[in-house]
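Data first, discussion second: the structure below is written as structure tokens.
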Amino acid sequence: MRIGVLTAGGDCPGLNAVIRSVVHRALTGHGDEVIGFEDGFKGLLEGRFRKLDLDAVSGILARGGTILGSSRLERNRLREACEKSKDLSKDYGIDVLIPIGGEGTLTAARMLADAGMPVVGVPKTIDNDISSTDRTFGFDTAVGVATEAIDRLKTTAESHQRVMVVEVMGRHAGWIALESGMAGGAHGICLPERPFDVDDLVTMVEERFSRGKKFAVVCVAEGAHPAEETMDYKKGAIDQFGHERFSGIGNHLAIELEKRLGKEARPVILGHVQRGGTPTAYDRVLATRFGWHAVEAAHRGDFGRMTALRGTDITMVPLAEAVTELKTVPDWRMDEAESVF
Ligand code: F6P
């Protein structure tokens, strides 16, 4: 079997662990050949690929990013390729494609599958917002980075009697904010799922200071929005990939808190630090298991599906099911978090 693999969308710690696992299982378990398309679907459409042997994936398990490169692609370019082709897998010289990516990539994978290409998806994203899988690799690493940042910010905040507003990633789902906020013991958490009232944060900070506490940390997801008419904040425009351009809720919130509290408030935007660097042990294991199961699925002819974690087992779920809606934070998870603010 000739397997094509690619990584698309935003990078994520653990991508290299999947590639390595796919190559090992395919070559040593099945005697397959594996090629890696460069820079995501762009490499597929432009015929840019290289052969992946055991040497090519040696030493990459703990490396962040992706050795294949990644990119975002306008959906229309892929749609046109699907419409033009009679036999996509023949065009690309492969028996199966394993695209590793988030919601956008899996939607594109579904499009290719619907057009007749044998596809086995592997979900990734630090945001943990893909339905049908309990976890995506990358998330554990991002939560670890954000938690460490909150821990560190607490000591400097306390020394200077400041409010720290830590902005973490999460466009539509606030999983990173929720879990790093809980693990770091933030005093306020703002999620895209639940518009926040800045007055509640003001009350929380005043109450802390009245108890003799000299600092506060608020963890805010980049996609969080204030409740209507509670604070001046405009939603951003939509870019060519359908993503909202954020105008920096962390900065806005820090300015607003400083104004309302009369205390110093500083924003800290963690940004791509959460996505870079070495994956945690948990993410390396999950990524390796996904890679192994993707190759097995390919050999069973289990196409149009993706690997998923359910409990402690890896299963296969239809791509159609995985991309219909994002997995957002349910209210009860926020209720649990709030009880320890
Ligand atoms: O989807 C993963 C993610 O890291 C989001 O949390 C974030 O908003 C986005 O990617 C950033 O993408 P880019 O690196 O293209 O700006």
Kindly indicate the residue of segment 103-140 that is open to solvent by 10 Å² or more (accessible area, probe 1.4 Å), modelled with pLDDT of 95 or more and outside any helix (DSSP H, G or I) and also farthest from GLY271 (Cα to Cα) among those meeting that condition.
PRO118
Identify all residues within segment 141-167 that are touching a Gly at 6+ places or on another chain (Cβ under 8 Å) and assigned to a strand (DSSP E or B); write none if there are none.
VAL165, VAL166, GLU167
Could you check, for segment 301-309, whether at least one of its residues is surrounded by 15 or more Cβ atoms within 10 Å (Cβ to Cβ), in contact with a strand residue (DSSP E or B) (Cβ under 6 Å, 6 or more places away or on another chain) and among the polar types (S, T, N, Q)?
yes
Quick check on segment 73-96: of everything there that is under 13 Å from ASP114 (Cα atoms) and of a type in the set (A, V, I, L, M), which residue is nearest to the chain's Cα centre (by Cα)?
LEU78
Give, as residue ranges, the strands (runs of 3 or more DSSP E) completely inside segment 1-54 that count at least 2 residues that are open to solvent by 50 Å² or more (accessible area, probe 1.4 Å).
49-51
Checked VAL205, VAL218, VAL198 against criteria (at pLDDT 95 or above, β-branched (Val, Ile, Thr), within 28 Å of ILE130 (Cβ to Cβ) and touching a strand residue (DSSP E or B) at 6+ places or on another chain (Cβ under 7 Å)); the one match is VAL218
Restricting segment 236-288 to residues that are at pLDDT 95 or above, part of a strand (DSSP E or B) and open to solvent by 20 Å² or more (accessible area, probe 1.4 Å), the residue that is nearest to the ligand (Cβ to nearest atom):
ILE269
ASP114 within 16 Å of the ligand (Cβ to nearest atom) and closer than 28 Å to CYS82 by Cα:
no
Return yes when ARG333 is assigned by TED's automatic domain parsing to the domain that holds VAL96 and among the basic types (Lys, Arg) and no when it is not.
no
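The values are calculated or read from the model by the stated rules, or taken from the named source; none is laboratory data. Computed from a predicted model, the values in this text were never measured in an experiment. Glycine also receives a Cβ, built like all others from the backbone with ideal geometry; neighbour counts cover every protein chain displayed. Keep in mind that these areas ignore ligands, DNA and RNA; they rest on the heavy atoms of the full protein, side chains included. Shrake-Rupley method; radii C 1.70, N 1.55, O 1.52, S 1.80 Å.
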